Amino acid sequence: MSQSQTLSRWARIRQSDLVYYFLKDKVAMVCMAVFLGYVALALLSPWIAPHNPYDQASYDIMDAELPPSWLDGGDERFLLGTDNQGRDILSTMLYGSRVSLTIGLFAVGLQLVLGIVIGLFAGYAGGRIDNLLMRFADVQLSFSTMMVAIIVSAIFQAALGGEFYSQYAILMLVVIIGISEGPQYARTIRASVLAEKKKEYVEAARVMGSRSPRIMFRPILPNGLSPILVISTVQVANAIMSEAALSFLGLGMPVDKPSLGSLISIGFNYMFSGSWWITTFPGLCLVLLVLVINLLGDWLRDVFNPRIYKG
């Protein structure tokens, strides 16, 4: 038995090229630390947040628009101030980050499922099936993602009612964003399948009697995952921004269930009245989150790009 076979799975991961290049890149390490910090704070928000913004009995309208605690008129109970309803900005940011990350991650998961299934069948089957599926994707991609998301959101709210939509807002936004951005995955997977299905290992699998679904999901899909990992990182940031934009337009999270986008929307109306903190702090939080995710995506793109010398 060779030495590589005796290594544990964890040891093999530690010795992989991905970990090697990650440990050499300080920007990637810092971005990963910041992102994991966001995730940890979001998960622990019910326990570490000073107040519960979902509990209407926990905040008072008399505390509305209080500035941060270090400014004149601030209250030490509210470190970053309060919004127009008297909710603690810090607490709403912690809970809002959890909502935004949940929507972003699950929306990308839905995009992966839809894109992989559609792209695999389109690329492997070819012919009329490929033309039909890709024409649907082309029509959807001809519109901006936000336009598709707005249309689907408006249809859902009109068909299901505003109360039902508000009750299941997170699920609805996951479906809306997942549907609106799914074709990008489908086209990427299709391109990988078209390149892989002509190779010898696929022909060998056919000769051995493997069925088409097994060939698509076992040998072909793993060999086309590199671009998908890069796209997924960027798409998480795009999904978070889409949720923020929809919430800003009033088509996303309801007012009583704050996300980073809805907080920015609420504070925008008070920006010029002096209550700048309602928008500024959630906006900075959102910008930093999207920035670190995009930087991680750029790093992954460079790692998986064979044309770039990594040293």
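The values are calculated or read from the model by the stated rules, or taken from the named source; none is laboratory data. All figures in this text were calculated on a predicted structure; none of them were measured in a lab. As a convention, Cβ positions derive from the backbone with ideal geometry for all residues, glycine included, and neighbour counts pool all protein chains shown. Remember, those area values only see protein heavy atoms, side chains included, never the ligands or the DNA or RNA. Shrake-Rupley method; radii C 1.70, N 1.55, O 1.52, S 1.80 Å.
The distance linking segment 258-302 with segment 228-248 is 13 Å (Cα centroid to Cα centroid, whole angstrom).
Neighbours of P258 by Cβ distance under 14 Å: Lys/Arg scored +1, Asp/Glu scored -1, total -2. For the listed peptides 172-179, 154-161, a ranking on the average number of other beta carbons within 10 Å per residue, highest first, reads 172-179, 154-161.
Just the protein heavy atoms count here, and of the accessible area of the chain at 1.4 Å, carbon and sulfur take up 64 percent. Normalised by the number of residues in the chain, the mean separation of alpha-carbon contacts (under 8 Å, six or more apart) gives a relative contact order of 21 percent. If the chain linking L36 and A191 were pulled fully straight, counting 0.36 nm for each residue of separation and taking away their Cα-Cα distance, it would gain 52.6 nm.
In this view, the solvent-accessible surface of R187, computed with a 1.4 Å probe and all protein chains in place, comes to about 90 Å². Which label marks the calculated value of Cα Rg over 2.2 N^0.38 Å, given the options [x] 1.43; [y] 1.19; [z] 1.09? Answer label, from the structure shown: [y]. Surface calculation, 1.4 Å probe, protein heavy atoms: Y59 sits at approximately 50 Å² accessible.
Rolling a 1.4 Å probe across all protein chains gives K199 an accessible area of roughly 90 Å². Per residue, segment 29-115 exposes an accessible area of 49 Å² to a 1.4 Å probe, with every protein chain left in place. Centroid-to-centroid, using Cα positions, segment 119-187 and segment 80-111 are 24 Å apart. Annotation: per residue accessible area for segment 175-311 equals 48 Å², rounded to a whole number [probe 1.4 Å, protein chains only]. Taking Cβ atoms as reference points and 15 Å as the exclusive limit, the residues near Q167 contribute a net charge of -1, counting Lys and Arg as +1 and Asp and Glu as -1.
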